[in-house]
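The values are calculated or read from the model by the stated rules, or taken from the named source; none is laboratory data. Bear in mind that the values here come from a model prediction, so they are computed numbers and not experimental data. Neighbour counts are summed over all protein chains in view; Cβ atoms, including those assigned to glycine, are modelled from backbone coordinates with ideal geometry. All accessible areas refer to the heavy atoms of the entire protein, side chains included, with ligands and DNA or RNA removed. Shrake-Rupley method; radii C 1.70, N 1.55, O 1.52, S 1.80 Å.
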Amino acid sequence: MKIFHSIDEFAASGKDRNIVTTGTFDGVHLGHRTILERVKALAKAKNAESVLLTFYPHPRQVLFPDSTKMFFLSTLEEREILLEELGIQNLIIHPFTKELSQVSALNYVKDILVGKLKTDTLVIGHDHRFGHGRKGSIKELEEWGPIYGFNVEEMAPVSSQLSVISDQWSNTVISSSKIRNALQEDDLQTANSYLGYNFFIHAKVVHGLKLGSTKLGYPTANLEIDFENKIVPADGIYAVYVTISGQLSVVSGQKGLATDNRPLTIYKGMMSIGMNPTIENKGRSMEVNIFDFDQDIYGKTIKVSFVKKIRNEEKFNNLDELKAALARDKETCLKLL
């Protein structure tokens with residue numbers, strides 16, 4: 001996948017027949033994947049290039065900087081990896097500015113979609129809006145398409161077929177906001193089912209109190225995420241897979257592939273998120289116990305994929321009770337993984 005950091009940079013590449021989609025694509029969930037598969041299919045059929053145009057930072061962060069803090073399912077780098085694995089040929093990451101927000105819907109179509117992106121077909125989701133004040137919609141696109149020489153395909157929303165919580169058939173439209181809500185509301189199963197993969201974080205291993213190794217017999221890697229807008233699951237104990245690598249990998253199985261083509265192992269583990277109520281003054285932390293692993297990984301970036309929450313945080317009377325609970329947790333996680 002080729003990555004361009006502006007629309008003008010892409011225009012200078014000389015690609016003159018493109019199947020385009022545009023949006024944030026946070027999390028690259030099942031709904032996004034339906035759009036991207038259609039883009040790829042059209043590109044192949046028309047001997048054209050597949051193109052995704054996204055804006056960074058998120059427009060709301062630029063236009064309403066004092067509003068409620070936004071959280072995202074994926075960092076920009078994680079989205080790049082997910083999109084590359086899906087086989088998109090070109091990704092344009094264009095800087096979003098207040099000036100860009102003033103471009104009218106018609107000028108956006110004429111100058112950007114047609115003039116610079118050389119759009120043959122625009123594939124969009126059912127709720128796509130564009131241009132100043134988000135005044136542009138599918139209606140305008142269908143009107144302007146024949147005039148300016150491009151086709152428009154509106155993709156129907158992708159709905160979940162089954163509610164993970166109630167086991168009842170449902171028609172819930174999959175969206176990034178609903179996945180974020182599910183994670184915040186302690187519903188990892190629904191989030192994972194909408195994503196189509198296990199939700200994951202990338203975090204740096206930092207030094208902690210080392211109580212896990214010195215007093216509990218369960219050494220943990222204390223984690224720190226360097227993207228403050230990355231959402232994390234609700235507090236509790238989780239069964240997880242852990243990839244030990246500086247590489248941003250989204251492999252979901254037991255084996256992955258490092259950037260230098262050496263096989264890498266994805267370890268099983270258990271993850272704790274929360275305030276650690278049994279240990280006084282420890283404070284909030286994220287830490288993972290990696291099973292059958294004893295390497296020094298301080299300073300490295302690891303990937304943690306959340307499979308299932310096994311229990312809420314609990315306050316135990318002493319460290320012996322906590323240690324016994326950790327033994328039970330590990331047994332539970334091994335059965336799940």
Subject >> Rounded FRET efficiency, nearest 0.05, which uses the C-beta distance separating residue 47 from residue 328 and R0 of 45 Å >> reply: 0.15
Original post:
If you roll a 1.4 Å probe over the range 1-154 with all protein chains in place, what percent of the accessible area is carbon or sulfur?
Top reply: 50
Subject >> the chain - accessible surface per residue (Å², probe 1.4 Å) >> reply: 50
Original post:
Near the amide H of residue 266, under 5 Å away, which other amide H atoms are found, from residues 5 or more places off or on another chain, if H is placed in the peptide plane?
Top reply: 256
Original post:
Each residue of the range 183-188 in order: what ³J(HN,Hα) in whole Hz does its phi give by Karplus 6.51 cos²θ - 1.76 cosθ + 1.60, θ = phi - 60°, with x for Gly and Pro?
Top reply: 5, 6, 9, 6, 10, 4
Subject >> Residues with amide H under 5 Å from that of residue 307, placed H, sequence gap 5 or more >> reply: 239, 240, 241
**OP:** Name the long-range amide H neighbours of residue 2: under 5 Å, sequence gap of 5 or more, or other chain; modelled H, no Pro or chain starts.
**Re:** 90, 91
Original post:
Build a GNM of the chain with springs between Cα atoms under 10 Å: which of 138, 231, 179 gets the top mean-square fluctuation?
Top reply: 138
Subject >> Proximal lysines to residue 116, defined as alpha-carbon separation beneath 17 angstrom and excluding residues fewer than eight positions away on the same chain >> reply: 2, 15
Subject >> Taking N as its residue count, the alpha carbon Rg of the range 25-82 over 2.2 N^0.38 Å >> reply: 1.39
**OP:** Would you kindly derive the ³J(HN,Hα) couplings of the range 227-233 from the backbone phi angles with the Karplus curve 6.51 cos²θ - 1.76 cosθ + 1.60 (θ = phi - 60°), listing them in order in whole Hz, with x for Gly and Pro?
**Re:** 10, 5, 8, 6, 6, 10, x
Original post:
With springs only between Cα atoms under 10 Å, which of 199, 293, 227 fluctuates most in a Gaussian network model of the chain?
Top reply: 293
Original post:
How much accessible surface area, in Å² rounded to 10, belongs to the heavy atoms of residue 275 with a 1.4 Å probe?
Top reply: 100
Original post:
Taking the DSSP beta bridges in the chain as the whole, what percent of them are antiparallel, to the nearest 5?
Top reply: 60
Original post:
Roughly how many Å is it from the Cα centre of the range 92-136 to that of the range 293-320, as a whole number?
Top reply: 44
Subject >> Label-point gap, in nm, between residue 106 and residue 319 - each point 7 angstrom along Cα→Cβ >> reply: 7.3
